[in-house]
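Notes follow once the structure below has been shown.
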Amino acid sequence: MSNAVENTQCCVTCDEQITGEVMTFEDESYCQTCHDDEIRECDSCQCQNHVEHTIYVESSDEIVCEPCSERHYQPCNDCDDLQRYDSENLITICQQVGSNYYVCNSCFETREYMCCESCSDIYYYDEMYLSGDEYYCYSCYQSIRGQIHSYSYEPHELNFHHIKNGESCFTSGKPLTKNTLYMGVELEIDSHNSIDSKNECSVETANDETLFFNKEDGSLDYGFEIVSHPFTMDYFNANKDRFHKRINTALKHGFRSHDVGTCGMHIHVSKDALSNLDIFKIVHFMYSNVDFIKIISNRTWGQINEWCSLDINSLIHGLNDPSKKVERICRVAKRKGGTPKYVGLNLAKDNTIEFRIFRGTLNWSTYQKNVHFVHSLIQWIKSTSLEQITSEYAVLSFLDFLCRNQTQYNHLILFIFNRFYSFDIHEKKQPPLRKIFKHFDLMSRMNNKQLLKKRSI
């Protein structure tokens, strides 16, 4: 606080002797003139501050101290002029880049802002989307169009697709029977083009809503997930054109999946169709044969480590004691423990097991290969003893199963043949796991002539 004293001193600012009244501030002496020039009273809290630590608010013609400016005032994000938080001169603007964006009335009037017809929030004109004669923000626009749902969206009722009496059909809300094996696919696709191509593609891919719906994915720039409702393998085989159409539509609009690197293809299977022992067998095979699974996935090790770890420790939270590892896997298999999200086999879902290993794809044969792998693996583990599955020859046993069912899983067995057997023996770098197949003559086991003629998928 400043005080007047009757004493002759030197002014701290002008260095002149003061005759008469001496003004003080923070134990320093000022002449009247310098004090009036350099010391200001805050119009908000009435405290005194040096002029360097005060701010002039033009909108209200006030002088405020720095703490009050931060406490009671907000700069306009367009012109930086301060406005009181409670002032009618300050307008909250919504932006795609974030919240808490404010503009003053003057800037609001000079720039093109619009009010969303649905939520009434205010946005820049170039952030709005036209539907009919009305303008909407991005979120409301997507909701109105109904083509891309939020990431957390779940249908009110799932449609369970199957074959009944030779006809394709579905039941809403529940499966045909509790123990029927259903699968569901999540395919991530992305575009380097624009929001327009995203919307156009989403409209076409969502035109079969009984079987598919679209969801946002924060990891994709201009992409989304194409999600299927549950289906049986028989239904998939009888209705491949419906699945294939989604891929062709994405390709037509310039979308990618495999080449993006961050895109994946996730396949869910119903837990009700699996026993605890079945789940344990799947877990053991997947995490004990990682080289084989890596090849099947089409991913790099870097992508696997980031999105779908095949490290058993990621499943059992770093336990080193072998007995405890088994205990942990058994506990997970019995659905008494959750798992991290970014693992090759996500067991944390209430009703499904999620195979997260596959790289995204818009190749129809690869898409089928992925579906074939999941279905064949489950059929194999159900018909194979735990002793065989946990042996060092488990992969060979699985291959033997595929050979006995090669027509049903033709895209998978062709993929394996091309990856492990179709190579130049003179190449220095041979495919991984070659030694595993050294004594397994896949060629002679492929008795389907059509398959033998086809060398690439």
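The values are calculated or read from the model by the stated rules, or taken from the named source; none is laboratory data. Note that the structure is predicted; figures quoted are calculated from it, not measured. A quick note on method: Cβ atoms are made from the backbone with ideal geometry, for glycine too, and the neighbour counts reach across all protein chains shown.
A few notes on this one:
- Selection over the stretch 228-248 of residues that are buried (at least 21 other Cβ atoms within 10 Å of the Cβ) and either out of contact with any His (no Cβ under 9 Å at 6 or more places or on another chain) or free of Cβ contacts under 8 Å to residues at least 24 places away in the same chain (or both) gives a count of 3.
- Hits in the stretch 164-192 (condition: modelled with pLDDT of 95 or more and aliphatic (A, V, I, L, M)): Leu181, Met183, Val185, Leu187
- Unique match (being free of Cβ contacts under 8 Å to residues at least 40 places away in the same chain, under 32 Å from the mean Cα position of the chain (by Cα) and in the same structural domain as Val227 (by TED's automatic domain parsing)) among Gln379, Gln368, Gln388, Gln408: Gln379
- The residue list Glu306, Glu225 contains one member that is of a type in the set (D, E, K, R) and at pLDDT below 90, which is Glu306.
- In the set (1) modelled with pLDDT under 90; (2) buried (at least 21 other Cβ atoms within 10 Å of the Cβ), the condition left unmet by Lys281 is number (1).
- Taking the stretch 171-281 as the region of interest, the helices (runs of 4 or more DSSP H) fully inside it that hold 2 or more residues being among the polar types (S, T, N, Q) are 195-205, 240-252.
- With respect to the conditions (1) part of a helix (DSSP H, G or I); (2) within 14 Å of Lys281 (Cβ to Cβ), Ser391 falls short on a single one, namely (1).
- Failed condition for Ile55, given (1) modelled with pLDDT of 75 or more; (2) at positive phi; (3) not small (Gly, Ala, Ser): (2)
- Test: residue in the stretch 226-237 that is of a type in the set (A, V, I, L, M, F, W, C) and under 24 Å from Tyr342 (Cα atoms): yes
- Residue within the stretch 367-383 that is assigned to a loop (DSSP other than H, G, I, E, B) and modelled with pLDDT of 90 or more present: yes
- Selected residue [modelled with pLDDT of 90 or more and not acidic (Asp, Glu)] from Thr352, Thr339: Thr352
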